[in-house]
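To keep things clear, I will list the structure first and then write my remarks on it.
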């Protein structure tokens with residue numbers, strides 16, 4: 001049994017312009033110890049999936065259909081209290097806005113200890129602080145910064161503190177939503193390296209959400225490409241990068257520069273993402289696709305298996 | 001250590017501000033219309049006597065000299081004699097100041113605490129009935145005309161029901177009774193304080209409630225609240241330990257800012273309830289052209305406001321580590 005099974009998940013937001021279908025019919029599995037990266041441009045629904053997994057959708061957001069099975073149990077059917085108890089202990093999150101993810105008026109060490117204490121009442125405050133010390137060692141923050149406040153930390157240290165916090169309860173799954181976007185590339189590289197090592201050390205499952213395809217390629221062994229609320233291609237890293245099937249994946253790969261790869265011209269993707277309040281009936285990428293067929297704009301695309309475990313939502317594949 | 005530096009800096013600023021106030025007050029009184037001498041001068045007084053009085057009061061000196069004398073007197077604690085009472089101003093001030101401070105600080109602390117607490121509850125039930133009732137209630141009590149509110153309270157609770165005294169701060173029978181101990185005297189003052197305190201409380205708590213409510217609503221959108229929720233904390237813990245301490249910061253600032261304005265209300269309240277405080281003394285001394293007393297009252301009020309502001313600043317630094325470190 002996979003650690004996490006997401007089945008036909010659709011999520012929407014009530015907005016002034018109408019019901020926005022942010023995520024539609026997304027299905028994927030995640031094995032224990034595996035890492036899955038979601039990549040796609042802003043507004044494609046990556047973060048919404050992360051929030052739904054944590055049960056933290058904003059008040060105007062709701063799951064319309066589907067199941068989220070965490071260790072076989074549907075989290076969508078849990079009560080708030082049941083969900084609260086598995087949050088952080090079973091699955092933790094590294095937030096997109098790590099710069100503001102720490103409470104400015106509390107000491108960093110205490111904020112991390114709080115996560116430990118709330119999930120294990122048998123732990124004493126001192127023991128929790130000892131555990132926080134270990135976490136600080138693990139992520140490389142000097143121990144004398146334990147009693148500092150967040151504003152005394154640099155951006156990279158805040159990010160490390162947030163990672164330490166995510167590890168505090170030894171969760172099975174960590175959802176990392178753009179964890180390094182606000183950092184400069186050098187710190188970003190260090191932190192990504194640390195996340196990768198920690199993943200191995202603790203046999204963590206990671207869902208990595210990023211708009212940066214090179215980071216996802218570096219971090220994850222499975223890739224999910226998202227476009228306009230849909231998962232359009234999903235498979236092992238090598239499969240998706242070496243033989244991309246969906247036209248959007250192809251376009252995405254050729255619109256990113258690589259440092260080490262061969263020199264080639266960047267090709268921007270023309271057009272704009274479709275309106276998700278009234279999404280097109282057919283393929284959502286149709287308008288921007290390089291070679292659509294006549295049926296593309298009228299018929300919803302079907303999943304096609306490219307290779308074992310590698311599938312794409314495109315009728316041209 | 002940083003906190004000490006911060007407080008020192010604030011104290012220096014306060015001393016400078018106080019100097020400015022001192023000078024402005026001096027000029028203000030010299031420029032104000034109305035002749036104090038004519039107020040004091042008896043129609044039967046001879047021209048000579050009147051001139052002697054002017055010399056006695058130092059009013060024949062040039063303005064610059066008067067200013068120097070004024071500063072010297074201030075620093076040596078000589079505030080002169082009240083034209084109206086004939087008593088030393090210092091005695092009058094020391095007699096009135098504690099009464100004002102008592103009423104003033106109690107009402108500020110009470111309305112801030114209640115306002116913060118209710119604002120927190122209102123924001124938590126945003127859009128629900130509790131929220132609407134509190135918000136509307138706060139708006140009504142905050143915008144009502146203070147003397148009117150004071151008179152209504154007197155009319156209902158002192159006149160109609162006779163539950164509280166109509167005015168004053170003490171009952172003579174309690175204070176003249178040698179048997180009465182500290183507790184019964186304190187209770188007597190508290191009993192007299194209920195209505196003026198309620199007036200000030202009703203006027204002020206609404207502002208704090210509204211500020212706290214909107215500040216809470218902003219804070220609840222912050223990322224660290226999402227973190228707290230993701231950590232699996234209980235909603236109550238999120239509200240009280242993560243949101244409220246951050247949301248209360250703007251309230252503390254506004255307490256500091258509103259202190260000066262509360263003085264107006266304080267003077268009105270003291271006048272309506274004949275509470276023997278600085279505010280009432282200020283109003284009457286100004287209308288009687290009682291220079292020395294009015295000047296001293298203004299200075300005292302400025303001092304009270306500045307010191308309360310310092311307290312608020314220190315409190316702010318204590319609550320917000322970003323200021324402290």
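Were the residues from residue B:218 through residue B:240 laid out at 0.36 nm apart, the gain over their Cα-Cα distance would be 6.4 nm.
Placing a pseudo-label 7 Å from each Cα along the Cα-to-Cβ vector at residue B:179 and residue B:13 gives an inter-label distance of 5.5 nm. Highest average first, the peptides A:134-145, A:238-249 ordered by how many other beta carbon atoms sit within 10 Å of their residues are A:238-249, A:134-145. With a Förster radius of 60 Å applied to the beta-carbon distance between residue A:214 and residue B:20, the computed FRET efficiency rounds to 0.50. Once the Cα atoms are used to define both axes, helix B:129-143 deviates from the longest principal axis of chain B by about 10 degrees.
Counting Cβ atoms of other protein chains within 10 Å of each residue's Cβ and taking the mean over peptide B:219-228 gives 6.
The fraction of all Cα pairs in chain B landing in successive 10 Å bins from 0 to the largest distance is 5, 20, 25, 23, 16, 7, 2, 1, 0, given as whole percents. Here the peptides B:103-116, B:300-313, A:45-58, B:78-91 are ranked by packing, the mean other Cβ count within 10 Å, and the order with the highest first is A:45-58, B:103-116, B:300-313, B:78-91. Counting only alpha carbon atoms, the long axis of helix B:182-219 and the longest principal axis of chain B meet at about 50°.
In deg cm²/dmol, rounded to 500, what helix-only [θ] at 222 nm does the protein assembly as shown give when every DSSP H run of at least 4 residues adds -39500 (n - 2.57) and the total is split over its residues? My calculation for the protein assembly as shown gives -17000 deg cm²/dmol from helical runs alone.
Taken as Cα centroids, the range B:233-251 and the range A:92-160 sit 18 Å apart, rounded to the nearest whole angstrom. With a simple spin-label model that places each label point 7 Å from the Cα along the Cα-to-Cβ direction, the separation between residue B:253 and residue A:130 comes to 4.3 nm. Taking every Cα-Cα distance in the range B:114-253 and sorting them into 10 Å bins starting at zero, the pair-distance distribution P(r) comes out as 11, 28, 24, 19, 13, 4, 0 percent. Taking 1 over the mean of 1/r across every pair of different Cα atoms in the range A:244-317, what Kirkwood radius in Å do you get? After inverting the pairwise mean of 1/r, the radius is 13.7 Å.
Take the Cβ atoms of residue A:297 and residue A:16, set R0 to 30 Å, and the FRET efficiency comes out at 0.60. Computed from the C-beta positions of residue B:117 and residue A:151, the FRET efficiency with R₀ = 25 Å rounds to 0.35. Taking 1 over the mean of 1/r across every pair of different Cα atoms in the protein assembly as shown, what Kirkwood radius in Å do you get? The answer is 30.2 Å. Between the helical axis of A:108-119 and the longest alpha-carbon principal axis of chain A there is an angle of about 80 degrees. With the simple model of a label 7 Å out from the Cα in the direction of the Cβ, residue A:31 to residue A:186 spans 3.9 nm.
Label the range A:24-75 by shape, choosing from rounded, prolate and oblate, from the square roots a ≥ b ≥ c of the eigenvalues of the Cα gyration tensor; if a/c is under 1.5 it is rounded, and otherwise prolate applies when a/b is larger than b/c, oblate when it is not. Here the range A:24-75 falls in the oblate category. What the Kirkwood sum gives for chain A is a hydrodynamic radius of 20.6 Å, with every pair of different alpha carbons counted.
Just so you know, all these numbers are worked out from the coordinates, no wet-lab data involved. Just so it is clear, the model here is predicted, and its values are computed rather than measured. Note: ideal-geometry Cβ built from the backbone for every residue, glycine included; neighbour counts use all protein chains shown.
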